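Below is one structure; the comments refer to it alone.
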Amino acid sequence: MSKTKIDYGAILRRYDAELENVSTPEAIAAKMLPSDPHLKEVASTVLYMKIREVGPVVMKALKEGVEPLILINKGLVAGMEIVSNLYAQHVYYLPEIMMAAKTMEIGISIAEKQIPGGRTTKGKVIMHAVEGDPHDIGKNIAAVMMRSSGFTVLDLGKDVAVDTVIATVKEEKPFMVSGTALMTTTMTACAAIAEKLKAAGINIPVMAAGGAVHRDFAESFDLGIYSEKAPQTPPIADKILAGYDWKKIRENWDDIVEGI
Amino acid sequence: MAKRFTKMAYSSPEEMVFGHSKAPISYGFGMKVGAGRVIPELNYAPRPGTEKSVDRLRKEYVDYISKDALDRALTLGFPDLQLETEWVSQMAAPEMSAPIVSGQRDLVEKYHDKYGINLAVRHTIPDQREAGQGLRLGLDKESAYPERFMTCVDTVCENGADVLSVESVGGKEFADYAVTHGDITAFLFGVGYLGSMDMEYIWKQMVSVAKKHKVIPGGDTNCSGANVAMFMAGGMMDNDVQKTFSAVARCISAARTLVAPECGATGPDKDCGYEGVIVKAITGLPAAQEGKNCQCAHADLQGNLMAQVTDMWSNESVEYHPEFGGSSIQCWLGTLGYEVSLMNTAIQMGQERTLRDLYMNSDRTRGPEGYVLAYDNAWKIGKVIAEYGDDYYLRAKAAGLTGANIIMEGYDKKELILTSKQLLVLKKMIKELEALPDNEDSFYEYCAKKYKDEVPDFNPKNYGL
């Protein structure tokens, strides 16, 4: 191996190091945590991913009189919103999102048992990796982000037959269905799903996503909309709930996902 | 038990160079790999929709893609070409795949006979097995994917392929969890330990079938684990997964990929196994790699470096479509072939070690993964794998820990820059790996308990446990 001294800075630039946000989670979260001591403690378990502590902390707060719905929305969900903020600022990354979401879900599952009739969510979506495609890591990440944003996710898994998706949509009546594909030869299942839904008179948006999928393909068939990456899925879903149909999502797509 | 590599094929990293391996191999129509010349390997994908019928898919692969490639190789004066058909999932049905395997065989034979060009075809079968349903024969009552896997092996070997390969998925249920949760112990358990057992299970059978039909058992890759980590770690502007994590995961994956040669695979191994440089250092078998000329498939941070000691140079995959310069596969074959021509010129002029070091230094500090794959560091990681070669767990752990310490040393001597988050994750991994049990049984017990609820698809029967 050559012993010549090399100035690597003349060959490449480490933008990841140059542009790093060196803020700490504690510094950013200090201004965002709830002031109520019970809710602050609950939100902190999510923020700092204290997966073993969240159960006892939630039970203690409930026992001391915190309303379960308030505990969920202003404690657990508030903690997750701070996590999302840290993620957007590149202080937290994917593992923190996954662990914080899991912490939040444990807390919610305890608190919602004390809500008569259960907790209502924003709405229901069906997610899956398409027929013939075993790659589901992207779908799993997007599903966590959707749950963390207050949606009910019916996750059908991977390599899901088109007809299974159609039958489940008819039964569960979601407001959106998403399919992910890593291969160009499997992504065509998204178009087949959209075609069959349309034929059945079900005009919900069909989100096509995943490594092989590009915007041009997702918008090449009626009902089709696109998500380039997992964090874009919740804001797009929010717009659908706000009344946007698949055509309006397409028209406003750049604005909806700007900066995400 | 399969053979284990406990000694290094190369006594020093300096010995390693592209185009030369310790165990050159000949097959196909005049193909010689690792024998003093680097070979271009072209990989391609059919257009969406062509998978809908047998005739249409055969036409796409044989009449369009393969013929285009062979014609362009002649046009540009390339002496060698290996085609690689990575099967789309629909080809798991023998009626879809058999005409393609035999059709490509007939075509390369015709071109070799007519023009004298050295040719071969590698077929890489899909591994559709799912941990939740069962990885071994007889376990998957729902889809029978393990049986379909072996049918694919038979179809490749009975219809005239030259090389058999796969991108196997053993351990993937843990790899997915590990990558998304930043959990290096889960990666070690899934990929380094369980994945190695699955490799031994499938590769013994694959080698047996391949030998019966005189087909070359090429090799495998941890595409489903280490490459997922690498792609999610991404480029300079992506940080979902920390690059120190993907680098250490890559080192662990080498201990798994090594199992294919231990079961009788002879190389060339799989292009997308970036850990192939570590495996070559241990085994001396021919390696296939990809990097700068696979930008059609993905971008990574070691595009030049990966060419440093390779014997085949690949484009990973490109979808067939028209470009200004011909079809897409013709254009990407052009970039591959000319790069290979440069390497072979360097060999002819006695400058191969200079070019190797140019490739390597170009990307040595672009990121932690390139740093551990630089041939001098890769050799050190191979050495500890060989030292613990008899034990799947200990050798994978040693690979991960050695890789992590190499990165730390590079950072400490200010050769390699790390972000504070990359450094934090690196230190956490070193601490975690150092604290793990020193024997397989304790490690298994620890992980089986730790991940019982976290990885619900884990079934010990998948790994013969």
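Table: residues versus (1) more than 28 Å from A:ARG13 (Cβ to Cβ); (2) more than 19 Å from the chain's Cα centre (by Cα); (3) surrounded by fewer than 24 Cβ atoms within 10 Å (Cβ to Cβ).
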| site | (1), (2), (3) |
| --- | --- |
| B:ASN222 | yes, no, no |
| B:GLY225 | yes, no, no |
| B:ALA229 | no, no, no |
| B:ALA233 | no, no, no |
| B:ASP240 | no, yes, yes |
| B:ARG250 | no, no, no |
| B:ALA254 | yes, no, no |
| B:ALA260 | yes, no, no |
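For A:GLY118, state whether it is more than 12 Å from chain B (Cβ to nearest Cβ), touching a Leu at 6+ places or on another chain (Cβ under 7 Å) and at positive phi.
It is false that A:GLY118 is more than 12 Å from chain B (Cβ to nearest Cβ), touching a Leu at 6+ places or on another chain (Cβ under 7 Å) and at positive phi.
Filter the range B:277-305 down to the residues that are within 14 Å of the chain's Cα centre (by Cα) and within 26 Å of B:SER66 (Cα to Cα) and list them by number.
B:PRO286, B:ALA287, B:ALA288, B:GLN289, B:GLU290, B:GLY291, B:CYS294
Being touching a strand residue (DSSP E or B) at 6+ places or on another chain (Cβ under 8 Å), of a type in the set (Gly, Ala, Ser), buried (at least 23 other Cβ atoms within 10 Å of the Cβ) and in contact (Cβ under 8 Å) with a residue 60 or more places away in the chain, is that true of even one residue in the range A:170-193?
Among the residues of the range A:170-193, not one is touching a strand residue (DSSP E or B) at 6+ places or on another chain (Cβ under 8 Å), of a type in the set (Gly, Ala, Ser), buried (at least 23 other Cβ atoms within 10 Å of the Cβ) and in contact (Cβ under 8 Å) with a residue 60 or more places away in the chain, which makes the answer no.
Only one of these is within 30 Å of B:GLN133 (Cα to Cα), more than 14 Å from chain A (Cβ to nearest Cβ) and in contact with a strand residue (DSSP E or B) (Cβ under 7 Å, 6 or more places away or on another chain): B:ASN462, B:ASN439. Name it.
B:ASN462
So B:ALA93 clears everything in (1) surrounded by fewer than 23 Cβ atoms within 10 Å (Cβ to Cβ); (2) in contact (Cβ under 8 Å) with a residue 12 or more places away in the chain; (3) under 15 Å from B:MET150 (Cα atoms) except one condition, right? Which one?
It is condition (2) that B:ALA93 fails.
Within the range A:83-136, which residues are β-branched (Val, Ile, Thr), touching a strand residue (DSSP E or B) at 6+ places or on another chain (Cβ under 8 Å) and buried (at least 19 other Cβ atoms within 10 Å of the Cβ)?
Correct list: A:VAL125, A:ILE126, A:VAL130.
Residues of the range B:85-130 being within 14 Å of chain A (Cβ to nearest Cβ) and either over 28 Å from A:GLU131 (Cα atoms) or touching a Gly at 6+ places or on another chain (Cβ under 6 Å) (or both), which ones?
Selection gives B:SER89 alone.
Tell me whether the range B:387-395 contains one or more residues that are in contact with a helix residue (DSSP H, G or I) (Cβ under 7 Å, 6 or more places away or on another chain) and without any contact (Cβ under 8 Å) to a residue 40 or more places away in the chain.
yes
For the range B:150-173, which positions are closer than 15 Å to B:CYS263 by Cβ and touching a Lys or Arg at 6+ places or on another chain (Cβ under 6 Å)?
Scanning the range B:150-173 gives a single hit, B:SER165.
For the range B:65-84, check the following and say yes or no: at least one residue is surrounded by 18 or more Cβ atoms within 10 Å (Cβ to Cβ), closer than 16 Å to B:GLN104 by Cβ and within 14 Å of chain A (Cβ to nearest Cβ).
Yes: the range B:65-84 contains one or more residues that are surrounded by 18 or more Cβ atoms within 10 Å (Cβ to Cβ), closer than 16 Å to B:GLN104 by Cβ and within 14 Å of chain A (Cβ to nearest Cβ).
Quick check on A:TRP253: is it more than 19 Å from A:GLY150 (Cβ to Cβ), touching a Lys or Arg at 6+ places or on another chain (Cβ under 8 Å) and at pLDDT 95 or above?
Yes.
Quick check on my filter: what residues within the range B:30-64 are away from every other protein chain (no Cβ under 14 Å), among the basic types (Lys, Arg) and within 14 Å of B:MET96 (Cα to Cα)?
Of everything in the range B:30-64, those that are away from every other protein chain (no Cβ under 14 Å), among the basic types (Lys, Arg) and within 14 Å of B:MET96 (Cα to Cα) turn out to be B:ARG58, B:LYS59.
How many residues are more than 10 Å from every other protein chain (Cβ to nearest Cβ) and in contact (Cβ under 8 Å) with a residue 12 or more places away in the chain if we restrict to the range A:6-23? Before the answer, list the steps.
Applying the first criterion (more than 10 Å from every other protein chain (Cβ to nearest Cβ)) to the range A:6-23 yields A:7, A:10, A:23.
Applying the additional criterion that residues be in contact (Cβ under 8 Å) with a residue 12 or more places away in the chain yields A:23.
Qualifying residue count for the region: 1.
Considering only residues that are more than 29 Å from B:SER420 (Cβ to Cβ) and in contact with a helix residue (DSSP H, G or I) (Cβ under 6 Å, 6 or more places away or on another chain), look in the range A:77-109 and name the one that is nearest to the other protein chains (Cβ to nearest Cβ).
A:ILE106
With more than 26 Å from B:GLU352 (Cβ to Cβ) and either of a type in the set (Lys, Arg) or modelled with pLDDT of 95 or more (or both) as the only criterion, which of B:VAL54, B:VAL33 stands out?
Result: B:VAL54 is the single residue among B:VAL54, B:VAL33 that is more than 26 Å from B:GLU352 (Cβ to Cβ) and either of a type in the set (Lys, Arg) or modelled with pLDDT of 95 or more (or both).
This table checks each residue for (1) buried (at least 23 other Cβ atoms within 10 Å of the Cβ); (2) within 14 Å of another protein chain (Cβ to nearest Cβ); (3) closer than 26 Å to B:ARG256 by Cα; (4) of a type in the set (D, E, K, R).
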residue	(1), (2), (3), (4)
B:SER362	no, yes, no, no
B:THR365	no, yes, yes, no
B:ASP376	no, yes, yes, yes
B:GLY382	yes, no, yes, no
B:THR402	no, no, yes, no
B:LEU416	yes, yes, no, no
B:THR419	no, yes, no, no
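Of these, B:TYR371, B:TYR320, B:TYR274, which one is modelled with pLDDT of 95 or more, surrounded by 23 or more Cβ atoms within 10 Å (Cβ to Cβ), of a type outside the set (S, T, N, Q) and over 13 Å from the mean Cα position of the chain (by Cα)? Walk me through it before giving the result.
Working: B:TYR320 fails: surrounded by 23 or more Cβ atoms within 10 Å (Cβ to Cβ); B:TYR274 fails: over 13 Å from the mean Cα position of the chain (by Cα).
Only one candidate passes the filter, namely B:TYR371.
Answer yes or no: is there a residue in the range A:56-74 that is more than 29 Å from B:PHE245 (Cα to Cα), among the polar types (S, T, N, Q) and either away from every other protein chain (no Cβ under 14 Å) or not in a loop (DSSP other than H, G, I, E, B) (or both).
Yes, the range A:56-74 contains a residue that is more than 29 Å from B:PHE245 (Cα to Cα), among the polar types (S, T, N, Q) and either away from every other protein chain (no Cβ under 14 Å) or not in a loop (DSSP other than H, G, I, E, B) (or both).
Here is a list: A:VAL213, A:VAL206. Which entry is more than 20 Å from A:VAL169 (Cα to Cα) and crowded, with 18+ Cβ neighbours inside 10 Å?
A:VAL213
Does the range B:38-64 hold any residues that are buried (at least 16 other Cβ atoms within 10 Å of the Cβ) and out of contact with any strand residue (DSSP E or B) (no Cβ under 7 Å at 6 or more places or on another chain), and which are they?
B:TYR44, B:PRO46, B:PRO48, B:THR50, B:GLU51, B:VAL54, B:LEU57, B:ARG58, B:LYS59, B:GLU60, B:VAL62, B:TYR64
The values are calculated or read from the model by the stated rules, or taken from the named source; none is laboratory data. The model shown is predicted, which means the values in this text are computed figures rather than measured ones. Neighbour counts run over all protein chains shown; Cβ positions are idealised from the backbone, glycine included.
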